[in-house]
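The values are calculated or read from the model by the stated rules, or taken from the named source; none is laboratory data. It should be emphasised that the depicted structure is a prediction, and the values quoted were computed from it without experimental measurement. Because the Cβ atoms are built from the backbone with ideal geometry, glycine has one as well, and the counts that use them run over all protein chains shown. In case anyone asks, the SASA skips ligands and DNA or RNA and just uses the protein heavy atoms, side chains included. Shrake-Rupley method; radii C 1.70, N 1.55, O 1.52, S 1.80 Å.
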Amino acid sequence: MISIEEMAVVDENAAALGVPQKQLMESSGSAVARTVKELAEPGARIAIVAGRGNNGGDSFVTARFLDSEYELTIFLLGREETISTAITRENWDALEQGEYDAREVRDSQDFDLDSPDVIVDAMLGTGVRGAPREPERSAIETINASEATTVAVDVPSGIDADTGEAANVAIEADHVVTFHDMKPGLASIDVPVTVADIGIPSMADTIVEQGDLLRLSRDPDSHKGDNGTVLVIGGGPYTGAPALSAQAALSAGADLVRVACPESVAATVQSYHEGLITMPVDGDRLASDHVDQLLDIAAEQDAVVLGPGLGAHEDTLVAASAFLSEFDGTCVVDADPLGVVSETDATLVCTPHAGEFRRMGGDPSDDWRERMDDVETLADELDATILLKGKYDVLSDGDRTRVNRTGTPAMTVGGTGDVLAGATGAFAAILEPIDAAALGAYVNGKAGELAADGRASISPRDLIDHLPEVIQS
């Protein structure tokens, strides 16, 4: 099954992989037409009742595939100038140019189906939630009162495709044709459902692409803190690494970013950006007696990034291990603490390179396709999400495995991994771990491509500066 949010991501990713929405709409409309032909004898009267979005556009394509065999009428609910997408408009124009019997319904009181044999419901689709308004409400009541066989496109209008609930009125379909994969809400509808393959490439589920950015919609009414708070635990031997991770988290959209670091470097870390909040701990490196203090701070955050600049001192790694064993929140683990990852109640997102992956117990293959199995196996063993960095980043939570192809050789400079960890932390504060890892890899690599622009080398600062541009694209 696939949720509506995930279906939108897959649609966009398919386009990014070279299969545009127009092609998918042709396949969708054809699939609906095939089902109608199975249910209706040639010459039967078919009424298509369409909305002004892409669901309606699917049905306009259906009309072209049915035209030669049936007596066909297409009803557009609303004025043609209010059609909401360019591709739907193109398919409406094709009906007008072909002189189909295509009618606008500007007043719900004038809606007259005239006793069809089959009705195609293409009014609202999967992206519409809440109670249907006019003219859809009256149209649904009219269709339900008809004796015609009703075929719903993707989901019966008025039904929430994720939950199966009807907010008010909903189409009482006799058959549903849905696309690519079953929608969760259709399982509760006691009618036949055809799941049509419309040509979405399988890699649209696997390759991280432009569509994944749809997960980052920001509520215009949100307040400070609603979009994620992040704690970076790092520094001591190094000051730049935790500062880079923290700045990346801010650039990736986190509302508040705190840096817990040894007091010996706190002032230096703070100097990198006025928006960083430093929370010093005693001494010049992380030690075991800091763990309780860090756990108290971490409990108030949406996500933690553990590792940037901590170093590999024995006491520091003991402290990192103790923190992980007692923490029960979301934690992105990077750099030296990756070697002490073990059983924990925390939700872990680990970001190793190949050498660190080996220290975690894995054995990465050279080929990225084989690495998918390697990463999935280790993620399952550790009950963690793992993002294995490379020319192609491979990420898995042990169940779902994906690949990111963005990036450039100009990103081989030090510090780019710290930026990745920080951006991933920002996303982990608001998203599921697998989605956070996917987006962390994608935006980091894409920012690198934009920053490089033909250069042989870029700085981590270049990445941070380009993150917002990628996220808003």
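Filter the range 119-140 down to the residues that are at pLDDT below 95 and of a type in the set (D, E, K, R) and list them by number.
Arg129, Arg133, Glu134, Glu136, Arg137
Looking at (1) touching a residue at least 40 places away in the same chain (Cβ under 8 Å); (2) assigned to a helix (DSSP H, G or I); (3) touching a helix residue (DSSP H, G or I) at 6+ places or on another chain (Cβ under 8 Å); (4) crowded, with 22+ Cβ neighbours inside 10 Å, which one does Glu5 not meet, given that it meets all the others?
Glu5 satisfies every listed condition except (4).
Which one is least open to solvent (accessible area, probe 1.4 Å), of the residues in the range 22-62 that are of a type in the set (Asp, Glu) and in a helix (DSSP H, G or I)?
My answer is Asp58.
Specify the residue that is farthest from the chain's Cα centre (by Cα); the eligible residues are those in the range 82-95 that are modelled with pLDDT of 95 or more and of a type outside the set (A, V, I, L, M, F, W, C).
Ranking the qualifying residues of the range 82-95, first place goes to Asp93.
Please list, ordered by first then second residue, the pairs with beta carbon atoms under 8 Å, 6 or more apart or interchain, first in the range 172-184 and farther than 13 Å from Ala161 by Cα, second among the acidic types (Asp, Glu) and surrounded by fewer than 23 Cβ atoms within 10 Å (Cβ to Cβ).
Within 8 Å, the pairs are His180/Asp197.
Residues of the range 451-465 being open to solvent by 70 Å² or more (accessible area, probe 1.4 Å) and either among the basic types (Lys, Arg) or in a helix (DSSP H, G or I) (or both), which ones?
Once the filter is applied, which keeps residues that are open to solvent by 70 Å² or more (accessible area, probe 1.4 Å) and either among the basic types (Lys, Arg) or in a helix (DSSP H, G or I) (or both), the range 451-465 yields Arg455, Arg461, Asp465.
Exactly one condition in (1) closer than 18 Å to Gly240 by Cβ; (2) open to solvent by 60 Å² or more (accessible area, probe 1.4 Å); (3) not basic (Lys, Arg) is not met by Asp292; state its number.
Status for Asp292: all satisfied but (1).
Suppose we filter the range 296-334 for residues that are within 17 Å of Val259 (Cα to Cα), open to solvent by 30 Å² or more (accessible area, probe 1.4 Å) and hydrophobic (A, V, I, L, M, F, W, C); how many remain?
Residues that pass the stated criteria total 1.
Evaluate the range 216-227: report whether one residue or more is at pLDDT below 95, in a helix (DSSP H, G or I) and closer than 25 Å to Ala303 by Cβ.
Yes, the range 216-227 has at least one match.
What are the residue pairs meeting all of these: first residue in the range 249-265, first residue within 19 Å of Leu286 (Cβ to Cβ) and polar (S, T, N, Q), second residue assigned to a strand (DSSP E or B) and open to solvent by 20 Å² or more (accessible area, probe 1.4 Å), Cβ atoms under 9 Å, and 6 or more apart or on different chains?
Filtered contacts from the range 249-265: Ser264/Pro280.
Check Gly445, Gly440, Gly425 and return the single one that is assigned to a helix (DSSP H, G or I), touching a Phe, Trp or Tyr at 6+ places or on another chain (Cβ under 7 Å) and open to solvent by less than 40 Å² (accessible area, probe 1.4 Å).
Gly440
Within the range 87-140, count every residue that is of a type in the set (Gly, Ala, Ser), in contact (Cβ under 8 Å) with a residue 60 or more places away in the chain and either within 25 Å of Met25 (Cα to Cα) or surrounded by 22 or more Cβ atoms within 10 Å (Cβ to Cβ) (or both).
Within the range 87-140, residues that are of a type in the set (Gly, Ala, Ser), in contact (Cβ under 8 Å) with a residue 60 or more places away in the chain and either within 25 Å of Met25 (Cα to Cα) or surrounded by 22 or more Cβ atoms within 10 Å (Cβ to Cβ) (or both) number 4.
Among the residues of the range 258-281 satisfying the criterion of being of a type in the set (D, E, K, R) and more than 21 Å from Leu324 (Cβ to Cβ), which is surrounded by the fewest Cβ atoms within 10 Å (Cβ to Cβ)?
Glu274
Considering only residues of the range 204-242 that are of a type in the set (Gly, Ala, Ser), without any contact (Cβ under 8 Å) to a residue 40 or more places away in the chain and more than 30 Å from Ala15 (Cα to Cα), which is least open to solvent (accessible area, probe 1.4 Å)?
My answer is Gly225.
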